[in-house]
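One structure is given below, encoded as structure tokens.
The values are calculated or read from the model by the stated rules, or taken from the named source; none is laboratory data. Note that the coordinates shown come from a computational prediction; the quantities given were computed from them, not determined experimentally. No Cβ is skipped: glycine too gets one built from the backbone with ideal geometry, and neighbour counts run over all protein chains shown.
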Amino acid sequence: MSESILDHGYIPEEHAPDPVISHGDPTPPGKVCVWLFLASEIMFFIGILGSYIVIRSGWPHLFEQMGRVLDKRVAAVNTLVLIFSSLTMALAVDASQKGDRKRVFKFLGITFLCALTFLLIKAYEYNDKFHHVTMVVKQADGAWVYDGHLHEKDGGHKVLQGVGCKLHDDDVFNINFAGKEWIEESARAHHDVGTGEEMEKEYPINGTVAQTVSYGPWKNLFFSCYFTATGVHGIHVFAGMIPLGILAVQSRRNKIFPEATEYVGLYWHFVDLVWIFLFPLLYLI
């Protein structure tokens, strides 16, 4: 016959001891998981940034030239937007820990709007690049290369707002590497009329387009790196908007989740930090 616990006068504990808190570690398991997740994300972005640095070291002139095509002012505005969103996220975490529902909703909402603004500005940048083209046109007086934005005028004829020059037989030309600076250098080398700002005008496209390529990821190595790095970062911004929106809606329903808000805040600060590295690498150096 089996013995019972009562035979030994032993009364078991009602609840098993917490495996983390009871052993002197004050860190909640959820926060440990978030830090492990962020560690894996750091390694992921190190791979992207490291690849960019290695590829740039092999093509320094190309990266320097093509980097000038990017709009630094727009990127600077986006940087300020993300930095401000870090502040509002920190204020949302503080408000959640103090149980202030109105401030939680307010600052989470502002952070969400900052994230949306960042993505809209980035979409504007992408749209501008996809409509920025380099093209070779065979005309009556020979082949010409143009670089700029293509527009359609009344009557159906097309014009390109940008720069252009005539292709000469001694030109070493590759449409994927050519851009505004290449055209200006070629014009100076051949003493063509109008260089620099004088070349910025509308050019009618009155011939046969032999080659054309937009400033997408297929343009060259620089834009492949640019769209990969900023695109992956943009996906992370969008992913962060989902829990931000959920927490904001829940705070509107008088439900506050301090721990979850803190975890989302850690992720959001990481996303902002990644952009702090991307901005100078892509736009300034």
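Summary of values
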| item | result |
| --- | --- |
| Check on Leu108, touching a residue at least 60 places away in the same chain (Cβ under 8 Å) and more than 23 Å from Met66 (Cβ to Cβ) | yes |
| From Ala229, Ala239, residue being among the hydrophobic types (A, V, I, L, M, F, W, C), surrounded by fewer than 14 Cβ atoms within 10 Å (Cβ to Cβ) and assigned to a helix (DSSP H, G or I) | Ala239 |
| Cβ pairs under 6 Å, 6+ apart, first in segment 88-105 and assigned by TED's automatic domain parsing to the domain that holds Thr261 and modelled with pLDDT of 95 or more, second polar (S, T, N, Q) and surrounded by fewer than 19 Cβ atoms within 10 Å (Cβ to Cβ) | none |
| Filtered residues of segment 164-175 (kept if closer than 17 Å to Val137 by Cβ, of a type outside the set (D, E, K, R) and assigned to a loop (DSSP other than H, G, I, E, B)) | Leu167, His168, Phe173, Asn174, Ile175 |
| Residue match in segment 248-262 (condition: of a type in the set (Phe, Trp, Tyr), more than 30 Å from Gly162 (Cα to Cα) and either modelled with pLDDT under 95 or not assigned by TED's automatic domain parsing to the domain that holds Gly99 (or both)) | yes |
| Residue in segment 146-161 that is hydrophobic (A, V, I, L, M, F, W, C), in contact (Cβ under 8 Å) with a residue 24 or more places away in the chain and touching a Cys at 6+ places or on another chain (Cβ under 6 Å) present | no |
| Residue count for segment 143-186, restricted to those that are modelled with pLDDT under 80 and of a type in the set (Gly, Ala, Ser) | 2 |
| Matching option when the condition is among the charged types (D, E, K, R) and surrounded by 19 or more Cβ atoms within 10 Å (Cβ to Cβ), among Lys255, Lys180 | Lys180 |
| Residue in segment 99-116 that is in a loop (DSSP other than H, G, I, E, B) and exposed (fewer than 13 other Cβ atoms within 10 Å of the Cβ) present | yes |
| Checking Phe223 against (1) surrounded by 14 or more Cβ atoms within 10 Å (Cβ to Cβ); (2) without any contact (Cβ under 8 Å) to a residue 12 or more places away in the chain; (3) touching a Pro at 6+ places or on another chain (Cβ under 9 Å); (4) not hydroxyl-bearing (Ser, Thr, Tyr), the condition it does not meet | (2) |
| Conditions (1) modelled with pLDDT of 95 or more; (2) within 15 Å of the chain's Cα centre (by Cα); number of the one not met by Lys129 | (1) |
